[in-house]
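Below is one structure; the comments refer to it alone.
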Amino acid sequence: MNIDLASSTLHATCSREDLATALGVVARALSTRGPVQVLSGILLRAEEGKLTLAATDMEISLRASLPGEVSGDAAAVVPGRLLTDLARLLPDESVTLTHDECEGVLSVVSGSHSSRLNVYSAEDFPRLPPIDVPLHTIAAPALLATIEKVARAASRDESRPVLTGILVRFEGNQLIMAATDSYRLAVKETKLGASGPELEAIIPARALQELARLASGAEEVQLGVHENHVIFSAGDVWLTSRRIDGQFPNYKQLIPETFEAEVTTPRGPLLDVIRRAGVMAQRNAPLRLRFADGELSVSAQTQDVGEAHESLPVEYAGELLEIGFNPDFLRDGLEAVAGETVQLKLINPLRPGLIVSPDERFWYLIMPIRLAG
């Protein structure tokens, strides 16, 4: 973002509600750690008769604009959390923000309230990726549903950056997303109404989850590609995210081609049983699934806590099979299935199991936990 400091003042009068909403949006990109103080601030500037706000933690950035009576073209970086909290509490429906470079403060006036906030130098604020790039329109419901299904499988371990991201690829009018934390893998293929951009990138899961919040209820999302960044627009909000460098695991090779047992069952009753039994699976205790003739038994036991056991009928006629899974991972996979029916594909107690949705192109691979005797 180019900051023009030719004028030394900024004056804006706007709706308190609009200001609080815009601050609440961009504040989600504020840096919460690190020594660079300016990254904990929100950049304010006048731009084409609007007040624009921006924040970044160097991984993602969020930009929003709001209408009002705006003059001057100075810029100021204001402590983000402080201004966000203050805006929600102001007494009047209107807010006036004034910044004079010579004073180094932002004046906030609303009704009988007035305050002065010390600011950081706008010159120290990072230059944000430009947003004037070709944009492709993507149907928001399809995009966000795909994110929701795969994002839960992304890793939170920052020592392996590639696994904290989601592989995003467009093939004509098909969107493919995949995520893994090395204990589970989620893959979703989604048909779109039109062809997407030429893009294959690893995008931080956090950025895509933030996009899902921003675009909730929207019909469309704009997507652009710029060198090492991807750009999303939803309404008056822009989100930019860096692309993660590295090689994403070949997810197609991770999914077994053949299985020894395949069980198709109603999703709702199975999910209810998994949730109930999971309450007793604490301190990393596994859920034990026992497949016998016509029946699935689910049990969990945690020392000094208690145990649970429940069974339900299933169409299974193979040899006795007992396998353990992380209860949270198993629940996540079942919750991600959209249809009323789910298919479980298994090999043996030491090989991964696969959750498949017969009604959509969604696959969820989960590693087993070795069971005690």
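The values are calculated or read from the model by the stated rules, or taken from the named source; none is laboratory data. Treat the numbers as computed from the prediction; the structure is a model and nothing was measured. Glycine also receives a Cβ, built like all others from the backbone with ideal geometry; neighbour counts cover every protein chain displayed. Remember, those area values only see protein heavy atoms, side chains included, never the ligands or the DNA or RNA. Shrake-Rupley method; radii C 1.70, N 1.55, O 1.52, S 1.80 Å.
Under 5 Å from the amide H of Val119 lie the amide H atoms of Leu106, each residue being 5 or more positions distant or on a separate chain, with H modelled from the backbone and absent for Pro and chain starts. Shape descriptor for the stretch 1-96: Rg over Rh equals 0.95 (Cα atoms; Rh from the Kirkwood inverse mean 1/r). Computed over protein heavy atoms with a 1.4 angstrom probe, the accessible surface ordering of Tyr120, Tyr316, largest first, is Tyr120, Tyr316.
Each of Arg283, Arg45 has its accessible area taken with a 1.4 Å probe; listed largest first, they run Arg283, Arg45.
Dividing the convex hull volume of the alpha carbon atoms of the stretch 217-313 by its residue count gives 236 Å³ per residue.
The separation of the stretch 7-64 from the stretch 150-166, counted between C-alpha centres, amounts to 27 Å.
Consider a paramagnetic label point 7 Å from the Cα of Glu340 along Cα→Cβ; state which residues of the stretch 248-269 have an amide N under 12 Å from it. Label zone hits: 266-269.
When you filter the GluC sites (Glu not before Pro) in the stretch 180-233 for DSSP loop state and at most 11 other Cβ atoms inside 10 Å of their Cβ, you are left with Glu198, Glu219, Glu227. What lysines could a cross-link reach from Lys345, if we take a straight Cα to Cα line under 28 Å and drop same-chain neighbours fewer than 8 places away? In chain and number order, the partners are Lys149, Lys188, Lys191, Lys252.
Would you please give the FRET efficiency between Leu312 and Ser182, computed as 1/(1 + (r/R0)^6) with r the Cβ-Cβ distance and R0 = 35 Å, to the nearest 0.05?
The value I calculate is 0.70.
So if R0 is 51 Å, what FRET efficiency would Asn348 and Asn228 give, r being the distance between their Cβ atoms, rounded to the nearest 0.05?
Efficiency at R0 = 51 Å is approximately 0.75.
Compute the Rg to Rh ratio over the chain from the alpha carbon atoms, using the Kirkwood formula for Rh, and round to two decimal places. With Rh from the inverse mean 1/r over Cα pairs, Rg/Rh is 1.08.
In order along the stretch 186-198, the phi-based Karplus estimate (6.51 cos²θ - 1.76 cosθ + 1.60, θ = phi - 60°) of 3J(HN,Hα) comes to 10, 9, 9, 10, 10, 7, 10, x, 8, 5, x, x, 7 Hz; Gly and Pro are listed as x. Trp238 sits with roughly 60 Å² accessible to a 1.4 Å probe, with DNA, RNA and ligands left out of the calculation. Residues Met367, Met58, Met177, Met280, sorted by accessible area with the largest first, give Met58, Met367, Met280, Met177 [1.4 Å probe; ligands and nucleic acids excluded]. Return the long-range amide H neighbours of Glu260 (sequence gap of 5 or more, or a different chain), with a cut-off of under 5 Å between placed amide H atoms. Excluding prolines and chain starts, which carry no amide H, the hits are Leu346, Ile347.
Calculated FRET efficiency, Arg276 and Asp245, Cβ-Cβ r, R0 45 Å, to nearest 0.05? Plugging the Cβ-Cβ distance into 1/(1 + (r/R0)^6) gives 0.55.
Among the trypsin sites (Lys or Arg not before Pro) within the stretch 142-207, those in coil by DSSP and having at most 11 neighbouring Cβ atoms inside 10 Å are Arg156.
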